[in-house]
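The block underneath contains the structure these notes are about, expressed in structure tokens.
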Amino acid sequence: MNKLSSIYSSSYSATISIILTVVITLGAELSPSFKTWLAGFTGHHWVTKSWISIIVFVLLFLVFRLTSKSVDASKTKRAICTLETSVVLGIIIILGFYLYEFLKH
């Protein structure tokens with residue numbers, strides 16, 4: 001049961017980290033001041049986004065792991081499917097955004 005709980009927790013933590021990274025990436029591209037603010041922490045906005053993703057993942061993993069009492073195979077499978085969907089949508093959104101930006105110029 002511990003393995004299922006860890007898989008469940010890491011899947012949802014990764015899903016939220018992906019969503020946050022996509023939002024921050026788009027926000028940084030649309031707002032130069034936000035990108036500069038991100039770069040102010042570590043010297044480069046990508047490094048700051050990476051640290052934010054890591055911190056969010058670890059914190060949420062701990063929260064999900066400590067609060068998920070009854071995790072079964074069905075819930076774990078749903079969490080993995082949600083993660084897979086967020087990966088695909090994240091790729092499409094970021095690729096679409098940069099493709100749009102490239103083609104409009």
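The values are calculated or read from the model by the stated rules, or taken from the named source; none is laboratory data. This is a predicted model, so every value here is computed, not measured. Positions of Cβ are backbone-derived with ideal geometry, glycine not excepted, and every protein chain shown enters the neighbour counts.
Quick notes
- Positions within the stretch 29-71 being free of Cβ contacts under 8 Å to residues at least 12 places away in the same chain and either touching a Pro at 6+ places or on another chain (Cβ under 8 Å) or among the aromatic types (Phe, Trp, Tyr) (or both), in sequence order: 34, 37, 41, 46, 51
- Test result for residue 54, of a type in the set (Val, Ile, Thr), surrounded by 15 or more Cβ atoms within 10 Å (Cβ to Cβ) and at pLDDT 95 or above: no
- Checking the stated criteria, residue 103 turns out not to satisfy the condition of being in a helix (DSSP H, G or I) and under 24 Å from residue 5 (Cα atoms).
- Subset of the stretch 45-80 [basic (Lys, Arg) and in a loop (DSSP other than H, G, I, E, B)]: 69
- Selection status of residue 67, surrounded by fewer than 12 Cβ atoms within 10 Å (Cβ to Cβ) and within 22 Å of residue 3 (Cβ to Cβ): yes
- The stretch 66-97 - residue that is among the charged types (D, E, K, R) and within 16 Å of residue 16 (Cα to Cα) and, of those, nearest to the chain's Cα centre (by Cα): 84
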